[in-house]
Protein chains: 2
Amino acid sequence: MHHTELLADLRQRGHRLTPQREMILNVICEGNGHLTADEIIARIRKQYPYINKSAVYRTLELLARLCLVNPTDFGDGKVTYEIHRHPHHHHLVCRQCRKMIEVDGAVFAPLEKLLRDEYAFAADLDHFAIFGLCRKCQPASSPAPTLRKRRA
Amino acid sequence: MHHTELLADLRQRGHRLTPQREMILNVICEGNGHLTADEIIARIRKQYPYINKSAVYRTLELLARLCLVNPTDFGDGKVTYEIHRHPHHHHLVCRQCRKMIEVDGAVFAPLEKLLRDEYAFAADLDHFAIFGLCRKCQPASSPAPTLRKRRA
DNA sequence: CTCCTTATTGCAACTGGTTGCAATAAGGAA
DNA sequence: TTCCTTATTGCAACCAGTTGCAATAAGGAG
(Lines give C-alpha, C1' and ligand atoms only; values in the text may rest on other atoms or scores of the structure.)
Protein backbone atom coordinates (compact mmCIF):
# COMPACT_ATOMS: atom_id res chain seq x y z
CA MET A 1 0.00 0.00 0.00
CA HIS A 2 1.50 3.27 -1.11
CA HIS A 3 1.31 6.30 1.12
CA THR A 4 -0.70 8.32 -1.37
CA GLU A 5 -3.46 5.73 -1.22
CA LEU A 6 -3.42 5.92 2.54
CA LEU A 7 -3.65 9.70 2.37
CA ALA A 8 -6.62 9.46 0.04
CA ASP A 9 -8.19 6.99 2.44
CA LEU A 10 -7.70 9.40 5.34
CA ARG A 11 -9.24 12.21 3.34
CA GLN A 12 -12.23 10.11 2.31
CA ARG A 13 -12.95 9.28 5.88
CA GLY A 14 -13.18 12.95 6.73
CA HIS A 15 -9.74 13.64 8.16
CA ARG A 16 -7.53 16.49 7.06
CA LEU A 17 -4.37 16.07 5.08
CA THR A 18 -1.44 17.85 6.63
CA PRO A 19 2.24 17.86 5.73
CA GLN A 20 2.95 16.16 9.08
CA ARG A 21 0.58 13.31 8.37
CA GLU A 22 2.00 12.94 4.90
CA MET A 23 5.54 12.71 6.26
CA ILE A 24 4.52 10.20 8.90
CA LEU A 25 2.76 7.95 6.44
CA ASN A 26 5.64 8.28 4.02
CA VAL A 27 8.16 7.15 6.61
CA ILE A 28 6.03 4.22 7.75
CA CYS A 29 5.54 3.08 4.17
CA GLU A 30 9.21 3.41 3.25
CA GLY A 31 10.77 1.91 6.36
CA ASN A 32 9.48 -1.59 5.94
CA GLY A 33 8.84 -3.53 9.09
CA HIS A 34 8.20 -2.29 12.60
CA LEU A 35 9.21 1.25 13.50
CA THR A 36 9.04 2.87 16.92
CA ALA A 37 7.68 6.39 17.35
CA ASP A 38 11.22 7.52 18.07
CA GLU A 39 12.49 6.08 14.83
CA ILE A 40 9.67 7.68 12.90
CA ILE A 41 10.43 11.06 14.44
CA ALA A 42 14.16 10.69 13.78
CA ARG A 43 13.59 9.88 10.12
CA ILE A 44 11.23 12.78 9.59
CA ARG A 45 13.60 15.14 11.37
CA LYS A 46 16.21 14.61 8.69
CA GLN A 47 14.06 16.59 6.30
CA TYR A 48 11.90 18.55 8.69
CA PRO A 49 13.49 19.13 12.08
CA TYR A 50 10.42 20.81 13.53
CA ILE A 51 8.24 17.69 13.62
CA ASN A 52 6.40 17.46 16.89
CA LYS A 53 6.17 14.45 19.16
CA SER A 54 2.51 14.93 20.07
CA ALA A 55 1.50 15.25 16.46
CA VAL A 56 3.28 12.00 15.67
CA TYR A 57 1.71 10.10 18.56
CA ARG A 58 -1.73 11.49 17.75
CA THR A 59 -1.40 10.58 14.11
CA LEU A 60 -0.24 7.09 14.96
CA GLU A 61 -3.23 6.69 17.24
CA LEU A 62 -5.53 7.86 14.47
CA LEU A 63 -3.98 5.52 11.91
CA ALA A 64 -4.29 2.62 14.34
CA ARG A 65 -7.93 3.46 15.01
CA LEU A 66 -8.60 3.41 11.29
CA CYS A 67 -6.72 0.11 11.00
CA LEU A 68 -4.21 1.61 8.60
CA VAL A 69 -1.29 0.73 10.83
CA ASN A 70 -0.80 -1.98 13.45
CA PRO A 71 0.75 -0.96 16.75
CA THR A 72 2.53 -3.81 18.49
CA ASP A 73 4.05 -4.08 21.92
CA PHE A 74 6.89 -6.55 21.82
CA GLY A 75 7.49 -6.04 25.49
CA ASP A 76 10.64 -3.98 25.22
CA GLY A 77 9.23 -0.70 26.41
CA LYS A 78 8.45 0.87 23.06
CA VAL A 79 5.47 0.29 20.83
CA THR A 80 6.26 -0.40 17.19
CA TYR A 81 4.12 0.43 14.19
CA GLU A 82 3.82 -1.19 10.80
CA ILE A 83 1.54 -0.70 7.85
CA HIS A 84 -1.53 -2.88 8.11
CA ARG A 85 -0.95 -5.84 5.81
CA HIS A 86 -3.43 -8.19 4.27
CA PRO A 87 -3.75 -11.04 5.02
CA HIS A 88 -3.29 -10.55 8.75
CA HIS A 89 -0.32 -11.94 10.58
CA HIS A 90 0.85 -12.31 14.14
CA HIS A 91 4.19 -12.62 15.87
CA LEU A 92 5.36 -15.36 18.18
CA VAL A 93 8.00 -13.90 20.48
CA CYS A 94 10.32 -16.16 22.45
CA ARG A 95 10.51 -14.89 25.99
CA GLN A 96 13.99 -16.34 26.37
CA CYS A 97 15.95 -15.72 23.18
CA ARG A 98 13.69 -13.01 21.74
CA LYS A 99 13.39 -14.88 18.44
CA MET A 100 10.34 -13.82 16.45
CA ILE A 101 8.26 -16.10 14.26
CA GLU A 102 5.62 -14.69 11.96
CA VAL A 103 2.41 -16.69 11.75
CA ASP A 104 -0.61 -16.37 9.54
CA GLY A 105 -3.62 -14.47 10.80
CA ALA A 106 -5.73 -17.56 10.22
CA VAL A 107 -4.48 -19.14 13.43
CA PHE A 108 -7.02 -17.02 15.27
CA ALA A 109 -9.96 -18.08 13.11
CA PRO A 110 -11.26 -20.79 15.48
CA LEU A 111 -11.08 -18.44 18.45
CA GLU A 112 -12.80 -15.68 16.51
CA LYS A 113 -15.61 -18.03 15.57
CA LEU A 114 -15.97 -19.33 19.11
CA LEU A 115 -16.19 -15.83 20.55
CA ARG A 116 -18.70 -14.83 17.93
CA ASP A 117 -20.84 -17.93 18.36
CA GLU A 118 -20.70 -18.29 22.13
CA TYR A 119 -20.47 -14.68 23.24
CA ALA A 120 -21.69 -12.71 20.21
CA PHE A 121 -18.44 -10.83 20.55
CA ALA A 122 -16.74 -9.45 17.44
CA ALA A 123 -13.10 -9.65 18.46
CA ASP A 124 -10.37 -7.53 16.92
CA LEU A 125 -7.74 -10.14 16.25
CA ASP A 126 -5.74 -8.34 13.62
CA HIS A 127 -2.25 -8.28 14.92
CA PHE A 128 -0.90 -9.86 18.08
CA ALA A 129 2.39 -10.45 19.76
CA ILE A 130 2.17 -13.81 21.48
CA PHE A 131 4.85 -14.57 24.02
CA GLY A 132 6.14 -18.00 24.91
CA LEU A 133 9.10 -20.29 24.39
CA CYS A 134 10.41 -21.26 20.97
CA ARG A 135 11.45 -24.82 20.20
CA LYS A 136 15.07 -24.27 21.18
CA CYS A 137 14.32 -22.60 24.47
CA GLN A 138 11.87 -25.18 25.76
CA PRO A 139 13.33 -27.44 28.46
CA ALA A 140 13.87 -30.79 26.70
CA SER A 141 11.30 -32.73 28.70
CA SER A 142 11.93 -30.99 31.90
CA PRO A 143 10.00 -30.69 35.13
CA ALA A 144 10.62 -27.23 36.59
CA PRO A 145 11.74 -24.44 34.30
CA THR A 146 13.85 -21.92 36.17
CA LEU A 147 11.92 -18.78 36.75
CA ARG A 148 14.67 -16.64 38.17
CA LYS A 149 15.08 -13.32 36.51
CA ARG A 150 16.34 -13.49 32.96
CA ARG A 151 19.53 -11.44 32.87
CA ALA A 152 18.68 -8.87 30.22
CA MET B 1 -4.96 -18.53 47.43
CA HIS B 2 -4.02 -16.90 50.70
CA HIS B 3 -1.13 -14.48 50.85
CA THR B 4 0.84 -16.63 53.30
CA GLU B 5 0.88 -19.44 50.75
CA LEU B 6 2.14 -17.02 48.14
CA LEU B 7 4.85 -15.83 50.50
CA ALA B 8 5.90 -19.41 51.15
CA ASP B 9 5.96 -19.98 47.40
CA LEU B 10 8.19 -16.95 46.93
CA ARG B 11 10.54 -18.16 49.63
CA GLN B 12 10.72 -21.65 48.18
CA ARG B 13 11.72 -20.28 44.84
CA GLY B 14 14.67 -18.53 46.40
CA HIS B 15 13.32 -15.02 46.84
CA ARG B 16 13.52 -13.06 50.05
CA LEU B 17 10.56 -12.24 52.21
CA THR B 18 10.36 -8.57 53.07
CA PRO B 19 7.69 -6.57 54.84
CA GLN B 20 7.08 -4.69 51.61
CA ARG B 21 6.44 -7.86 49.63
CA GLU B 22 4.19 -9.11 52.37
CA MET B 23 2.12 -5.93 52.32
CA ILE B 24 1.87 -5.99 48.55
CA LEU B 25 0.70 -9.59 48.43
CA ASN B 26 -1.68 -8.94 51.26
CA VAL B 27 -3.32 -6.04 49.44
CA ILE B 28 -3.60 -7.96 46.18
CA CYS B 29 -5.17 -10.92 47.95
CA GLU B 30 -7.64 -8.82 49.93
CA GLY B 31 -8.75 -6.44 47.23
CA ASN B 32 -10.43 -8.92 44.99
CA GLY B 33 -10.37 -8.16 41.32
CA HIS B 34 -8.03 -6.00 39.32
CA LEU B 35 -5.98 -3.38 41.15
CA THR B 36 -3.71 -0.79 39.60
CA ALA B 37 -0.25 -0.11 41.01
CA ASP B 38 -1.57 3.22 42.25
CA GLU B 39 -4.38 1.57 44.13
CA ILE B 40 -2.02 -0.95 45.67
CA ILE B 41 0.30 1.82 46.82
CA ALA B 42 -2.60 3.85 48.21
CA ARG B 43 -3.91 0.90 50.22
CA ILE B 44 -0.52 0.08 51.65
CA ARG B 45 0.12 3.69 52.52
CA LYS B 46 -2.78 3.67 54.95
CA GLN B 47 -0.74 1.48 57.25
CA TYR B 48 2.76 2.20 56.06
CA PRO B 49 3.16 5.60 54.41
CA TYR B 50 6.77 4.98 53.44
CA ILE B 51 6.05 2.34 50.81
CA ASN B 52 8.12 2.98 47.74
CA LYS B 53 6.89 3.05 44.16
CA SER B 54 9.90 1.26 42.69
CA ALA B 55 9.66 -1.54 45.21
CA VAL B 56 6.01 -2.03 44.33
CA TYR B 57 6.60 -2.08 40.59
CA ARG B 58 9.55 -4.41 40.97
CA THR B 59 7.60 -6.76 43.19
CA LEU B 60 4.68 -6.79 40.77
CA GLU B 61 7.05 -7.61 37.95
CA LEU B 62 8.51 -10.44 40.00
CA LEU B 63 5.10 -11.83 40.91
CA ALA B 64 4.06 -11.65 37.27
CA ARG B 65 7.22 -13.44 36.17
CA LEU B 66 6.49 -16.20 38.65
CA CYS B 67 2.89 -16.36 37.42
CA LEU B 68 1.54 -15.52 40.85
CA VAL B 69 -0.28 -12.47 39.57
CA ASN B 70 -1.67 -11.58 36.14
CA PRO B 71 -0.96 -8.10 34.84
CA THR B 72 -3.55 -6.90 32.35
CA ASP B 73 -3.68 -3.85 30.15
CA PHE B 74 -7.30 -2.90 29.59
CA GLY B 75 -6.21 -0.04 27.40
CA ASP B 76 -6.93 2.76 29.83
CA GLY B 77 -3.39 3.80 30.54
CA LYS B 78 -2.83 1.79 33.70
CA VAL B 79 -1.94 -1.84 34.07
CA THR B 80 -4.06 -3.80 36.53
CA TYR B 81 -3.00 -6.80 38.58
CA GLU B 82 -4.95 -9.70 39.95
CA ILE B 83 -4.03 -12.91 41.72
CA HIS B 84 -3.46 -15.71 39.26
CA ARG B 85 -6.57 -17.86 39.30
CA HIS B 86 -7.02 -21.42 38.23
CA PRO B 87 -8.51 -22.28 35.83
CA HIS B 88 -7.34 -19.49 33.55
CA HIS B 89 -9.68 -16.86 32.28
CA HIS B 90 -9.62 -14.01 29.81
CA HIS B 91 -11.49 -10.76 29.37
CA LEU B 92 -13.45 -9.59 26.36
CA VAL B 93 -13.48 -5.80 26.39
CA CYS B 94 -15.95 -3.86 24.27
CA ARG B 95 -14.10 -1.05 22.55
CA GLN B 96 -17.28 1.02 22.44
CA CYS B 97 -19.11 0.65 25.74
CA ARG B 98 -16.20 -0.76 27.77
CA LYS B 99 -18.30 -3.69 28.93
CA MET B 100 -16.18 -6.62 30.09
CA ILE B 101 -17.06 -10.27 29.66
CA GLU B 102 -15.05 -12.96 31.38
CA VAL B 103 -14.40 -16.08 29.33
CA ASP B 104 -12.87 -19.41 30.20
CA GLY B 105 -9.18 -19.98 29.56
CA ALA B 106 -10.10 -22.98 27.45
CA VAL B 107 -11.06 -20.76 24.52
CA PHE B 108 -7.36 -20.58 23.69
CA ALA B 109 -6.82 -24.34 23.72
CA PRO B 110 -7.13 -24.83 19.93
CA LEU B 111 -4.71 -21.98 19.27
CA GLU B 112 -2.28 -23.29 21.84
CA LYS B 113 -2.33 -26.72 20.22
CA LEU B 114 -1.92 -25.28 16.74
CA LEU B 115 1.09 -23.21 17.76
CA ARG B 116 2.63 -26.18 19.51
CA ASP B 117 2.02 -28.58 16.64
CA GLU B 118 2.84 -26.32 13.72
CA TYR B 119 5.50 -24.08 15.20
CA ALA B 120 6.74 -26.01 18.24
CA PHE B 121 5.99 -22.83 20.15
CA ALA B 122 4.88 -23.05 23.79
CA ALA B 123 2.68 -19.99 24.02
CA ASP B 124 1.87 -18.22 27.28
CA LEU B 125 -1.87 -17.82 26.97
CA ASP B 126 -2.73 -17.35 30.60
CA HIS B 127 -4.58 -14.13 30.75
CA PHE B 128 -5.58 -11.87 27.90
CA ALA B 129 -7.64 -8.78 27.32
CA ILE B 130 -9.28 -9.19 23.94
CA PHE B 131 -10.78 -6.06 22.44
CA GLY B 132 -13.74 -5.94 20.08
CA LEU B 133 -17.41 -5.12 19.97
CA CYS B 134 -19.99 -6.67 22.26
CA ARG B 135 -23.37 -7.79 20.98
CA LYS B 136 -25.06 -4.49 21.69
CA CYS B 137 -22.40 -2.35 20.07
CA GLN B 138 -22.19 -4.25 16.82
CA PRO B 139 -23.90 -2.46 13.92
CA ALA B 140 -27.08 -4.45 13.34
CA SER B 141 -26.20 -5.57 9.84
CA SER B 142 -24.60 -2.39 8.95
CA PRO B 143 -22.45 -1.19 6.10
CA ALA B 144 -19.82 1.23 7.39
CA PRO B 145 -19.21 1.51 11.11
CA THR B 146 -18.19 5.03 11.97
CA LEU B 147 -14.56 5.21 12.81
CA ARG B 148 -14.41 8.80 13.96
CA LYS B 149 -12.87 9.28 17.32
CA ARG B 150 -14.94 7.98 20.17
CA ARG B 151 -15.63 10.92 22.45
CA ALA B 152 -14.18 9.74 25.72
C1' DC C 1 -10.05 34.89 -3.82
C1' DT C 2 -11.81 35.80 1.22
C1' DC C 3 -13.98 34.28 5.19
C1' DC C 4 -15.32 30.90 8.57
C1' DT C 5 -15.40 26.71 11.16
C1' DT C 6 -13.06 23.54 13.46
C1' DA C 7 -9.47 19.79 13.09
C1' DT C 8 -4.74 19.68 13.88
C1' DT C 9 -0.38 21.28 15.55
C1' DG C 10 3.03 22.78 18.97
C1' DC C 11 4.18 23.45 23.49
C1' DA C 12 4.81 22.59 28.24
C1' DA C 13 3.35 20.13 31.99
C1' DC C 14 2.14 15.86 33.43
C1' DT C 15 1.53 10.52 34.11
C1' DG C 16 2.70 5.74 34.62
C1' DG C 17 6.44 3.17 34.80
C1' DT C 18 11.73 2.10 34.65
C1' DT C 19 16.59 2.39 35.89
C1' DG C 20 21.27 3.14 38.10
C1' DC C 21 23.20 3.25 42.24
C1' DA C 22 24.19 3.65 47.08
C1' DA C 23 22.22 2.13 51.55
C1' DT C 24 19.79 -1.46 53.88
C1' DA C 25 18.48 -5.80 55.49
C1' DA C 26 17.26 -11.00 54.45
C1' DG C 27 18.87 -15.20 55.44
C1' DG C 28 22.64 -18.60 55.48
C1' DA C 29 27.12 -19.99 57.74
C1' DA C 30 30.05 -20.26 61.60
C1' DT D 1 24.67 -14.65 68.46
C1' DT D 2 27.86 -12.27 64.83
C1' DC D 3 29.42 -11.91 60.31
C1' DC D 4 29.00 -12.08 55.37
C1' DT D 5 26.95 -12.15 50.87
C1' DT D 6 23.96 -10.31 47.96
C1' DA D 7 18.91 -9.46 47.05
C1' DT D 8 16.00 -5.74 47.87
C1' DT D 9 14.80 -1.07 48.95
C1' DG D 10 14.67 3.95 48.42
C1' DC D 11 15.80 7.77 45.87
C1' DA D 12 16.26 10.75 42.07
C1' DA D 13 16.65 11.05 37.38
C1' DC D 14 14.89 9.42 33.49
C1' DC D 15 11.77 7.49 29.50
C1' DA D 16 7.70 6.74 26.50
C1' DG D 17 3.59 8.47 25.90
C1' DT D 18 -0.60 11.68 27.05
C1' DT D 19 -3.15 15.89 27.83
C1' DG D 20 -4.97 20.79 28.09
C1' DC D 21 -4.89 24.69 25.71
C1' DA D 22 -3.77 28.49 22.70
C1' DA D 23 -2.18 29.23 17.92
C1' DT D 24 -2.36 27.61 13.28
C1' DA D 25 -4.06 26.04 9.04
C1' DA D 26 -7.19 22.59 6.25
C1' DG D 27 -10.81 22.78 3.44
C1' DG D 28 -15.65 24.08 2.54
C1' DA D 29 -18.91 28.01 1.50
C1' DG D 30 -19.79 32.26 -0.67
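The values are calculated or read from the model by the stated rules, or taken from the named source; none is laboratory data. A quick note: this is a predicted structure, and the numbers were derived from the prediction, not measured. Counting neighbours? That spans all protein chains shown, and the Cβs are built from the backbone with ideal geometry, glycine included. Heads up: the accessible areas ignore ligands, DNA and RNA and are worked out on the full protein's heavy atoms, side chains in. Shrake-Rupley method; radii C 1.70, N 1.55, O 1.52, S 1.80 Å.
For A:F74, the residues 5 or more places off, or on other chains, whose built amide H falls under 5 Å of its own are A:T80.
Label points for A:V79 are taken 7 Å from Cα along Cα→Cβ. From this copy to the others they lie 1.5 nm apart, shortest first.
With an a/c value of 1.5 or above and a/b not larger than b/c for the gyration tensor axes a ≥ b ≥ c computed over the alpha-carbon atoms, the range A:1-129 is described as oblate.
Solvent-accessible surface of the range B:87-136, taken per residue with a 1.4 Å probe and all protein chains present: 49 Å². Surface composition of the range B:87-136: carbon plus sulfur atoms contribute 53% of the solvent-accessible area (1.4 Å probe, protein chains only, all chains present).
Distant-in-sequence amide contacts of B:G132, defined by a placed amide H-H separation under 5 Å and a gap of 5 or more residues or a different chain, comprise A:D124, B:V93, B:R95. Gain on full extension, evaluated as 0.36 nm per residue between A:H2 and A:K78 minus their Cα-Cα distance, stands at 24.8 nm. Less than 5 angstrom separates the built amide H of B:H89 from those of B:G105, all sequence-distant by 5 or more or on a different chain. Summed over both chains, the area buried between B and A is near 3200 Å², taken from the accessible surface of protein heavy atoms with a 1.4 Å probe. From helices alone, chain B scores -11000 deg cm²/dmol at 222 nm; the rule is -39500 (n - 2.57) for each run of n ≥ 4 DSSP H residues, then divide by the residue total. Both numbers refer to the Cα atoms of the range A:86-136; Rg and Dmax are 12.8, 39 Å.
Measuring between their Cα centroids, the range A:27-99 and the range B:46-68 lie 31 Å from each other.
Pairs of Lys residues in chain B that lie 8 or more places apart, or on two chains, and have C-alpha atoms under 25 angstrom apart add up to 7. Charge dipole of the protein assembly as shown (Cα centre as origin; +1 on each Lys and Arg Cβ, -1 on each Asp and Glu Cβ, all else neutral): 1000 debye, rounded to the nearest 20. Nonpolar atom fraction for the range B:1-85, defined as the carbon and sulfur part of the 1.4 Å probe accessible area, stands at 48 percent. Among residues of chain B, the one whose Cβ lies closest to the rotation axis carrying chain B onto chain A, together with that distance rounded to whole Å, is B:P110, 2. Principal-axis analysis of the Cα atoms of chain A puts helix A:3-12 at an angle of about 70° to the longest axis. A label point on A:E118, set 7 Å along the Cα-to-Cβ line, lies at 2.0 nm from each of its counterparts in the other copies, closest listed first. Here the Gaussian network model covers chain A, with springs between Cα atoms less than 10 Å apart; of A:D38, A:D117, A:D104, A:D117 fluctuates the most. Distances between copies of A:L66, taken at a point 7 Å out from Cα along the Cα→Cβ vector and listed shortest first: 4.8 nm.
Hey, quick one: spin label on A:Y57, modelled 7 Å out along Cα-Cβ, who in the range A:25-48 has an amide N within reach, i.e. under 17 Å? Once the point is set 7 Å along Cα→Cβ of A:Y57, A:36-42 turn out to lie under 17 Å by backbone N, inside the range A:25-48.
Radius of gyration (Cα atoms) of the range B:1-67, expressed as a multiple of 2.2 N^0.38 Å: 1.02.
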